[in-house]
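In what follows, a structure is listed as structure tokens, so that the remarks can point back to it.
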Amino acid sequence: MPHIERTAGIVWEGNAARGVGTLTGGSGAFDELGFSLPSRIGQPEGKTSPEELLAAAHGACITMSLSGELSKAGTPPGRLDASCRIVMDEVEGQGHQIVASHVEFAVTAEGIDEAGLEDAVAKADEGCPFSQLLKRGGAEVHVSARLA
């Protein structure tokens, strides 16, 4: 895989408790996504959070990885529906930390059985850079899949 770099621009105005920020993707795919402390710890009210963006990034990465593993096994997916939930919690002596990521898949693929799916999911998790980053950072990564 080639060397990959991506950028985002971030603007924050105000203090941590009452300030607001915007995120803009260097690719132009998203522009001025709002985020704030209240959207992070309370109701989103149309704004995002770093944890939501991490959930999207991990979910997208492992979905592409699973698609590749299923294709290599000769059972390319027709459709992969995934959800990813990032958990941040207070860790004694370390403050708030990302402690877990839970990914769930519903898989539509011709010719695959439960054992083949389980094998592909394990390989996808091992091959996913975001899964590995989270694990190296001390977070638990849970990936499950079922045939749709």
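No value in this document is a laboratory result; all are computed from the given coordinates. Quantities reported herein were computed from a predicted structural model and do not represent experimental measurements. Every residue, glycine among them, receives a Cβ derived from its backbone with ideal geometry; neighbour counts consider all protein chains shown.
For the stretch 85-132, which GluC sites (Glu not before Pro) are in a loop by DSSP, counting at most 16 other Cβ atoms within 10 Å?
Answer by residue number: Glu92, Glu110.
Hey, rough spin-label estimate for Leu53 and Val20, points 7 angstrom out along Cα→Cβ, what's it come to in nanometres?
My value for the distance between the label points is 1.7 nm.
What is the magnitude of the charge dipole of the stretch 50-147 about its Cα centre, with +1 placed on the Cβ of each Lys and Arg, -1 on the Cβ of each Asp and Glu, and no other charges, expressed in debye to the nearest 20?
Dipole of the stretch 50-147, to the nearest 20 debye: 300 debye.
Within the chain, which is the longest segment containing none of the trypsin sites (Lys or Arg not before Pro) that sit in a DSSP loop and have at most 16 other Cβ atoms within 10 Å?
19-148
Calculate for the chain the 222 nm mean residue ellipticity that helices alone would give, adding -39,500 (n - 2.57) per DSSP H run of length 4 or more and normalising by residue count, nearest 500 deg cm²/dmol.
-10500 deg cm²/dmol
Percent antiparallel among DSSP beta bridges with both residues in the chain, to the nearest 5?
Expressed as a percentage, antiparallel bridges in the chain total about 75.
Hey, what angle do you get for helix 50-72 against the long axis of the chain, alpha-carbon based, 0 to 90 degrees rounded to 10?
20 degrees
With r defined as the distance between the Cβ atoms of Ala122 and Glu13 and R0 fixed at 35 Å, what FRET efficiency is calculated, to the nearest 0.05?
Step by step, r from the Cβ atoms, then E = 0.20.
On a straight-distance basis, which aspartates and glutamates could pair with Lys72 in a cross-link, Cα separation under 17 angstrom, same-chain partners fewer than 8 positions away excluded?
Of all the aspartates and glutamates, those that pass the test against Lys72 - Cα under 17 Å, at least 8 places apart if same chain - are Glu110, Asp113, Glu114, Glu118, Asp119, Asp125, Glu126.
Work through the residues other than Lys123 whose Cβ is under 11 Å from its Cβ and net out their charges, Lys, Arg +1 and Asp, Glu -1.
-4
Lys and Arg at +1, Asp and Glu at -1: add these up for the other residues within a Cβ distance under 11 Å of His96 and post the number.
-2
Over the chain, calculate the relative contact order: mean separation of alpha carbon pairs under 8 Å at least 6 apart, over the residue count, as a percent.
RCO, the chain: 17 percent.
Order of Glu5, Glu52, Glu140 from fewest to most other C-beta atoms within 10 Å?
Ordered by Cβ neighbours within 10 Å, fewest first: Glu5, Glu140, Glu52.
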